[in-house]
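A short reminder: the numbers here are calculations on the coordinates, not readings from a lab. Model, not experiment: these values are computed from the prediction. Neighbour counts run over all protein chains shown; Cβ positions are idealised from the backbone, glycine included.
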Amino acid sequence: MKADELYMTIEELDELCRLYMDCNLSVLEEKELEYILSQTTLTSPSIKQVRSLMRIPAFNHQYVSPRKDKFRLWKYISGIAASLAVIFSAGYYLFSSKSPDLSYSDSSVYITAYNRGEKLSDKAAVAATNIAMEKADSLMNLALLTEREYMLKANDIINETNSN
């Protein structure tokens with residue numbers, strides 16, 4: 001059935017329903033009528049009756065009152081505003097406060113590190129911490145690249161399976 005055949009007037013649909021009730025439709029025409037009734041929003045007493053005979057659920061008209069629509073809009077806007085407030089406050093906190101750059105000049109940051117059971121000096125502890133953080137970052141980057149590689153392989157397998 002072509003897409004343009006779905007656009008029927010209510011009079012045409014009522015006529016088809018009358019023919020169905022009179023048993024004047026072929027099996028193929030009944031199937032087409034069933035499909036049209038499941039897709040259309042048009043309704044009349046005869047359409048309702050044929051829908052119930054064919055056991056097609058009534059087309060669900062979901063009416064959203066303007067009040068609920070306004071509530072959803074305000075809920076959406078308030079969610080965005082709250083998210084922006086959190087982002088701006090976190091950004092303000094991070095950029096306005098003195099962020100520790102793991103240099104020993106900041107007296108509020110105290111780093112202690114040990115190498116083979118011996119406590120390192122303050123500057124050596126900062127250097128060791130920086131090296132450890134760089135290693136952790138490179139490990140995380142490697143993990144992300146590996147995960148991306150596996151996801152691309154999985155997508156290739158899925159696409160190959162879907163094409164066959």
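Considering only Ala132, Asn155, Leu120, whose Cα is most displaced toward the positive end of the charge dipole of the stretch 102-164, charges sitting on Cβ of Lys, Arg (+1) and Asp, Glu (-1)?
Selected residue: Leu120.
Out of every Cα pair in the stretch 102-164, what percent are spaced more than 15 Å from each other?
67 percent
Give me the extension gain from Thr43 to Ala85: residue separation times 0.36 nm, minus the current Cα-Cα distance, reported in nm with one decimal.
10.3 nm
Taking the C-alpha atoms of the stretch 3-54, how large are the radius of gyration and the largest Cα-Cα span, Dmax, in Å?
Cα radius of gyration and Dmax of the stretch 3-54 are 9.9, 27 Å respectively.
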